[in-house]
Amino acid sequence: MGEVLSQEEIDSLLSALSSGEVDVEEMQNNTNEKQVKNYDFKRPAKFSKEHLRTLELIFEHYGRLVSTNLPVYLRKNVQVNVASSETVTFSEFTNALSNPVVLGIINFQPLSGNIICEITSNVAYAILDRMLGGQGTPLEKLRDYSEIELGILDKIMTMCTQLLREPWKNVIDISPILERIETNPQFAQIIAPNEMIAIVTMNITLGDVEGFMNICIPFVTIEDIIDNLNTKFWFTTMINNDEEDHAEQLEALLRKVDVPIRAVLGKSKIQVSDFLGLQIGDIIRLDRGPDKEMELYVGNIRKFAAMPGTERDKYAVRVTQVFREEDEE
């Protein structure tokens, strides 16, 4: 905000204009001149606000996926959302890291380069405590991670890495691979210290524990697709993908769903006393003979008729009829 003039300064300026001491045309010419801005060559502005906004949209989608998938492992409610985004140099990012720290080095194939996923220590220890049967309570004092703990974190980080595919598909089809986990920032020097990076900070709430996940994206890694990081391209691609692939994706997911099937050999009515006295070798007479068709149920819906038999020394059935919905009516 510009400096606010006092009433005395306004009166003196008006009197100077009236007396001719200040030339109005000269003031207008000075206003039309281009203002010179300082440019820091050590911190070049490679990421625009549009780029950062698109990255936030991508990782808002990513946060929803993590919030859905992580509770499967932890059996606890998890909330993940984007807190902020900014651009800094890589040295500023590494200097702000604690030791020990959880850094996932992710190969961002087919792009040439890596990104870093950092999970703050309190969240990492809460995840470990939950995975090992605890309530998800972080440690009061930081310590190094054991080999068993790193193995558990590797599993969680691998899952988080695979979830990056879907949010990025509107920009580029990627096949991210978790190369390794580092606990010492000195061993995570993936680019030069003065290179510019974008950091997307995500807030993680795991029960009563709150922490952050920082995604470090170097400019050199996404330089080839930086022009695609604009909201117009992102939304256009997203709409096209939804129209073309939505039905196919639903069909593919439905094909992988497991459904229970049960075959009813027959039915019979017996007294409770006979039921309680059943022994191995006793015979129960059913209402259907071995040469009669039996009913197959998918869930609780009668769907097929079949003949009983065997296949490779195992009980089996051969479908002989399909019941349609109109047949049931």
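Every read-out reported here was derived from the displayed coordinates using simple, explicitly stated rules and does not represent laboratory data. The structure displayed is predicted, hence computed values, not measured ones. Note: ideal-geometry Cβ built from the backbone for every residue, glycine included; neighbour counts use all protein chains shown.
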Problem - Net lengthening on full extension, residue 255/residue 175 (0.36 nm per residue, minus Cα-Cα) - result: 26.4 nm
Handout entry: Among 63, 93, 185 - extreme Cα towards positive end, dipole of segment 49-241, charges at beta-carbon
Key = 63
Fill in the blank from the handout: Scattering profile of segment 49-241 from the Debye formula, Cα beads only, expressed as log10 I(q)/I(0) at q = 0.08, 0.09, 0.14, 0.16 Å⁻¹, is -0.25, -0.31, -0.78, -1.02
Completion exercise
Magnitude of the Cβ-charge dipole (Lys and Arg +1, Asp and Glu -1) of segment 261-328 about the Cα centre, nearest 20 debye, reported as 140 debye
Handout entry: Charge sum, other residues only, whose C-beta stays under 15 Å from residue 266's C-beta, Lys/Arg counted +1 and Asp/Glu -1
Key = +3
Practice task
Provide the gained length on full extension for the span residue 321 to residue 112, in nm with one decimal, where the gain is 0.36 nm per separating residue minus the Cα-Cα distance.
Solution key: 69.6 nm
Problem - Nearest-0.05 FRET efficiency for residue 50 and residue 86, computed from C-beta distance (R0 22 Å) - result: 0.95
